[in-house]
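Written below as structure tokens is the structure these notes are about.
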Amino acid sequence: MLKRITADDWKIIENGFSPETNRFFESIFSLGNEHMGLRGFFEEGYSGDSLQGTYVAGIYYPDPTKVGWWKIGYPDYYAKVINSINWIGIGVDLEGRHLDLAKGRVRDFKRELDMKKGCLSRTFTWIGKDGQETRFAFNRFLSMADTSIACISVKAVPLNYSGNITFHIYLDGNVQNEDTYYGESFWDEVNKDLNEEYSVITMRTKKTDFYLSAASRFKLVVNDRDFQTKSQILQKTGWVGYKTSHFAERGKSIEIQKFVSVVTSRDHEKENLEKVAIDKLAAAYRKGYTKLFNEHVRVMEEKWENSDISIAGDIEAQQGIRYCIFQLNQTYSGKDPRLNIGPKGFSGEKYGGATYWDTEAFCLPFYLYTKEEAARNLLHYRYLQLKQARENAGKLGLKGALFPMVTMDGHECHNEWEITFEEIHRNGAIAYAIYNYTNYTGNESYLFAGGIEILIEISRFWAYRVSYSQRKECYMILGVTGPNEYENNVNNNWYTNTIAAWTLEYTLESLIRIGEVEMNRYRELEKELDLREEEKALWRDIIERMYFPYVDDLDIFEQNDLYMDKEQTLVSDLDPKDLPLNKHWSWDRILRSCFVKQADVIQGIYFFPERYNQEEMTRNFNFYEPRTVHESSLSASIYSIVASRIGYRKKAYELYLRTARLDLENYNDDTEDGVHITSMAGSWLAIVQGFAGMSVQDGQLKLSPYVPEKWDGYSFKIAFRGRRLKIDVKKNYVEIEQIEGEPLKISIFNRGYHSQTGKAARAPIQE
Ligand code: BGC
């Protein structure tokens, strides 16, 4: 693919338009504000190849499950966040010729995503058949200040002629998903209404009965002055719009400003929904474009203030990490515990906008270190779904709770047996997130409230799911898929056995802690959850006698039983033409090979660094990394962090670049489906936990930072136990500046330093 993204600190810039890369750039230029989002498709429409996606968080459709209906326990449906009302539509006719970048000629095309301000602009000159040239500037933003509001502006200047320009400003509910099975529509129209002041349309989803109202109003601005205009009102099923024409003089600008509000029955009463949309629109219209934009930019600034990482001396790395932070903040900010983070956010249909283990294993720490409230809401999201997780375990004939691998509302909604039934390791990541939150914040209130219930139910699940081998006198977990999805139905996946035994340990420790601090709560739990001594004794026995596969001659953990019986080859032995394997090899061939899709044993080592010494980590890394193809976007960041821990700095940096610029470089050749939001959190961690070596042990913040060779330095901010700290890493020293909160003792390379407001603590960096 042609590489056309210009390196820049704060911007993603595309120069020149090419239809072949249109879908790729539509993904890259996605915008969102947690409530809603859309791909970077064009306002005026486009007759070439495009995936026109506009999504609203939490609005999904249960598509019937097509595979496996004959097997008991299969989910009833595959849930997907669906394409919803296209509210950006502004068709443009120039003297009767329809603007369409797939037709005519395009000159000086430039698209720019300003990540600091959170807005997208597009400028170009379009040359029609008879040589008429018109210069265009499109701008859009989705307000972060009022997330139901979005604004678009289109400015046209006829360069070598004067003539009529006609705009069609519309809301279109006749949209479909590209991945729909039978080309069906997921929406029905409920109502529409339009007059001189506003147009509004309400659609409802089939089956799930979500209502969505979008309202819009426009303003004509001629030569930068508001202009009263008459417009024609148009409507058809699922569609409302205005048509307005204006005579444009050569060299003079004519602009349409479109204001939109989008609200749903998730947040408002159905009966009132239309009125809410109209009222919000009216308030936005009164404020006007500039004021709305300024309000939005102020919220963006706050977000950057808390979560930016600044890198000196490497503009590509800087652009890469800012792109990741930008997209994470666009997708989720933790205001609503009913929402979560889809692997593609608002940037495409793949993964259906559903929640995966990615949230707990990858995204949670990003929010934990930058905005604790958001992390807490992510935990709460699972608590709200505990009932369904219990039902889910029951459906499979098991006890306790099994959280789904893929979900919209707490029910499992994925339909591949090796994922739905076998990737049970996700239950462990949910338990680990509770530990992660409690360990980092020192705040035990979540653990003592909902957290412990989740831990008990997950422990029950593990205790029921293990098999006791009479022959070997130990506990095993049979028939699973580990994080490495390139092996299915394996026995004793080392990672799964590790996280299962660890959950049992952590649950028992937490119960002891609750007993010490709040005996009443402990008694309450015993009663409510029927927790008995025999059950805890069984958990202890499982911890003691869990089986962990091991390769004695190499002194490493074996990924699962029989892994070492596979033919052992390395990624470097492969013909590069075969990569990525998932695009060139049959599934059967992949499953039989030793190639690892993503961190598996290394994921376990990453989670529990205090358990393994440097030599153990290094031996396992040396063995598994050369066999890993990193064909999950989630892989490189974890390997990068472990590489930093064992002093493999070059490798850590190489893997960091792979994760931070994964989409900008299209490394996995799939960015056109959408960008990899959840793996972006891993990129952030590769700097903070990897290069800066940050961790919290026994309540103390620890750092062991270094600067990658190519960089001059980097800095980031974290929130930690009521404080805000700026950590500035230079080649020879690190400085900790206390921005808010009480003085803090920090351990840097295992020596204690005190940070206090107004005075940066400085520690030398040892080589
Ligand atoms: C990975 C999973 C991940 C999913 C969604 C898959 O390719 O193997 O671990 O949960 O993508 O990101």
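The values are calculated or read from the model by the stated rules, or taken from the named source; none is laboratory data. Quick caveat: nothing in here was measured; it's all calculated off a predicted structure. Don't worry about glycine lacking a Cβ; one is built from the backbone with ideal geometry, like all the others, and counts go over all protein chains shown.
Among the candidates 498, 507, single out the residue that is in contact with a Gly (Cβ under 6 Å, 6 or more places away or on another chain) and not charged (D, E, K, R).
That would be 498, the only listed residue that is in contact with a Gly (Cβ under 6 Å, 6 or more places away or on another chain) and not charged (D, E, K, R).
Can you find a residue in the stretch 140-153 that is surrounded by 21 or more Cβ atoms within 10 Å (Cβ to Cβ), basic (Lys, Arg) and either at pLDDT 95 or above or part of a strand (DSSP E or B) (or both)?
Checked against the condition, which is being surrounded by 21 or more Cβ atoms within 10 Å (Cβ to Cβ), basic (Lys, Arg) and either at pLDDT 95 or above or part of a strand (DSSP E or B) (or both), the stretch 140-153 yields at least one hit.
Tally the residues that are more than 16 Å from the ligand (Cβ to nearest atom), of a type in the set (Lys, Arg) and touching a strand residue (DSSP E or B) at 6+ places or on another chain (Cβ under 9 Å), restricting the search to the stretch 585-606.
Residues flagged as more than 16 Å from the ligand (Cβ to nearest atom), of a type in the set (Lys, Arg) and touching a strand residue (DSSP E or B) at 6+ places or on another chain (Cβ under 9 Å) within the stretch 585-606 amount to 0.
Any residue at all in the stretch 381-395 that's assigned to a helix (DSSP H, G or I), within 16 Å of the ligand (Cβ to nearest atom) and under 15 Å from the mean Cα position of the chain (by Cα)?
Checking the stretch 381-395: not a single residue is assigned to a helix (DSSP H, G or I), within 16 Å of the ligand (Cβ to nearest atom) and under 15 Å from the mean Cα position of the chain (by Cα).
Condition first: surrounded by fewer than 21 Cβ atoms within 10 Å (Cβ to Cβ), in contact with a helix residue (DSSP H, G or I) (Cβ under 7 Å, 6 or more places away or on another chain) and closer than 23 Å to residue 35 by Cα. Now tell me which residues in the stretch 99-139 satisfy that.
Hits for the stretch 99-139 are 116, 117.
Considering only residues that are modelled with pLDDT of 95 or more and within 14 Å of residue 33 (Cα to Cα), which ones fall in the stretch 305-337?
Once the filter is applied, which keeps residues that are modelled with pLDDT of 95 or more and within 14 Å of residue 33 (Cα to Cα), the stretch 305-337 yields 325, 326, 327, 328, 329, 330, 331, 332.
Among the residues of the stretch 408-431, write down those that are within 16 Å of the ligand (Cβ to nearest atom) and modelled with pLDDT of 95 or more.
422, 423, 424, 425, 426, 427, 428, 429, 430
Looking only at the stretch 432-441, decide whether some residue is within 16 Å of the ligand (Cβ to nearest atom), closer than 22 Å to residue 539 by Cβ and surrounded by fewer than 23 Cβ atoms within 10 Å (Cβ to Cβ).
yes
Pairs please, first residue from the stretch 540-551 and of a type in the set (Ser, Thr, Tyr), second anywhere and surrounded by 16 or more Cβ atoms within 10 Å (Cβ to Cβ), Cβ atoms under 7 Å, 6+ apart in sequence or on different chains.
Matching pairs, first to second residue: 547/474; 547/475; 547/476; 547/492; 547/497; 550/557; 550/558.
Among the listed residues 360, 316, identify the single one that is at negative phi, touching a helix residue (DSSP H, G or I) at 6+ places or on another chain (Cβ under 7 Å), touching a residue at least 24 places away in the same chain (Cβ under 8 Å) and acidic (Asp, Glu).
Exactly one of 360, 316 is at negative phi, touching a helix residue (DSSP H, G or I) at 6+ places or on another chain (Cβ under 7 Å), touching a residue at least 24 places away in the same chain (Cβ under 8 Å) and acidic (Asp, Glu), namely 360.
Which residue is farthest from the ligand (Cβ to nearest atom), if the candidates are limited to the stretch 318-340 and must be under 22 Å from residue 632 (Cβ atoms) and assigned to a loop (DSSP other than H, G, I, E, B)?
332
Only one of (1) surrounded by fewer than 20 Cβ atoms within 10 Å (Cβ to Cβ); (2) within 30 Å of residue 710 (Cβ to Cβ) is not met by residue 317, so which one is it?
Tallying (1) surrounded by fewer than 20 Cβ atoms within 10 Å (Cβ to Cβ); (2) within 30 Å of residue 710 (Cβ to Cβ), residue 317 fails exactly one: (1).
Can you report the number of residues in the stretch 341-380 which are within 16 Å of the ligand (Cβ to nearest atom), modelled with pLDDT of 95 or more and over 15 Å from residue 680 (Cβ atoms)?
4
Of the residues 234, 281, which is touching a residue at least 40 places away in the same chain (Cβ under 8 Å) and outside any strand (DSSP E or B)?
281
Checking the condition out of contact with any Cys (no Cβ under 9 Å at 6 or more places or on another chain) and free of Cβ contacts under 8 Å to residues at least 40 places away in the same chain, which residue from 274, 255, 269 passes?
Of 274, 255, 269, the one residue that is out of contact with any Cys (no Cβ under 9 Å at 6 or more places or on another chain) and free of Cβ contacts under 8 Å to residues at least 40 places away in the same chain is 269.
Report yes if residue 642 is away from the ligand (no atom under 16 Å from the Cβ), surrounded by 23 or more Cβ atoms within 10 Å (Cβ to Cβ), under 24 Å from residue 497 (Cβ atoms) and touching a residue at least 12 places away in the same chain (Cβ under 8 Å), otherwise no.
Yes; evaluated as a whole, the condition is true for this residue.
In this structure, does residue 513 turn out to be more than 30 Å from residue 64 (Cα to Cα) and in contact with a Lys or Arg (Cβ under 6 Å, 6 or more places away or on another chain)?
Answer is no for this residue.
Please verify whether the stretch 510-533 includes one or more residues that are among the β-branched types (Val, Ile, Thr), within 16 Å of the ligand (Cβ to nearest atom) and either over 19 Å from residue 431 (Cβ atoms) or surrounded by fewer than 14 Cβ atoms within 10 Å (Cβ to Cβ) (or both).
No, there is no match, as no residue in the stretch 510-533 is among the β-branched types (Val, Ile, Thr), within 16 Å of the ligand (Cβ to nearest atom) and either over 19 Å from residue 431 (Cβ atoms) or surrounded by fewer than 14 Cβ atoms within 10 Å (Cβ to Cβ) (or both).
Against the definition (assigned to a helix (DSSP H, G or I), of a type in the set (Val, Ile, Thr) and modelled with pLDDT of 95 or more), how does residue 260 come out, yes or no?
no
Residue by residue through the stretch 470-488, note down the ones that are within 16 Å of the ligand (Cβ to nearest atom) and either not in a loop (DSSP other than H, G, I, E, B) or not small (Gly, Ala, Ser) (or both).
Residues satisfying the conditions are 480, 481, 483, 484, 485, 486, 487, 488.
Every residue, every condition in (1) surrounded by 24 or more Cβ atoms within 10 Å (Cβ to Cβ); (2) within 20 Å of residue 676 (Cβ to Cβ), yes or no:
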site: 23; (1), (2): no, yes
site: 26; (1), (2): yes, yes
site: 31; (1), (2): no, yes
site: 38; (1), (2): yes, yes
site: 46; (1), (2): no, no
site: 49; (1), (2): no, no
site: 55; (1), (2): yes, yes
site: 63; (1), (2): no, no
site: 74; (1), (2): no, no
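May I ask you to list the residues in the stretch 735-767 that are free of Cβ contacts under 8 Å to residues at least 60 places away in the same chain and in a loop (DSSP other than H, G, I, E, B)?
Matches in the stretch 735-767: 741, 742, 743, 749, 750, 758, 760, 766, 767.
May I ask you to list the residues in the stretch 326-356 that are of a type in the set (Gly, Ala, Ser) and in contact with a Cys (Cβ under 8 Å, 6 or more places away or on another chain)?
Correct list: 352, 354.
Listed here are the residues, each with its yes/no results for (1) away from the ligand (no atom under 14 Å from the Cβ); (2) closer than 22 Å to residue 573 by Cα; (3) touching a Leu at 6+ places or on another chain (Cβ under 6 Å).
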residue	(1), (2), (3)
610	yes, no, no
614	yes, no, no
624	yes, yes, no
646	yes, no, no
649	yes, no, no
657	yes, no, no
665	yes, no, no
669	no, yes, no
677	no, no, no
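Taking the residues in the stretch 159-191 that are crowded, with 20+ Cβ neighbours inside 10 Å and β-branched (Val, Ile, Thr) as candidates, determine which candidate is farthest from residue 131 (Cα to Cα).
Selected residue: 169.
What residue, among those in the stretch 361-379 that are small (Gly, Ala, Ser) and under 20 Å from residue 338 (Cβ atoms), is surrounded by the fewest Cβ atoms within 10 Å (Cβ to Cβ)?
Applying the filter and picking the extreme gives 374.
So residue 226 passes all but one of these: (1) assigned to a strand (DSSP E or B); (2) at pLDDT 95 or above; (3) acidic (Asp, Glu). Which condition number does it fail?
Unmet condition: (2).
How many residues are in contact with a His (Cβ under 8 Å, 6 or more places away or on another chain) and over 16 Å from residue 432 (Cβ atoms) if we restrict to the stretch 340-390?
The number of residues fulfilling the criteria is 4.
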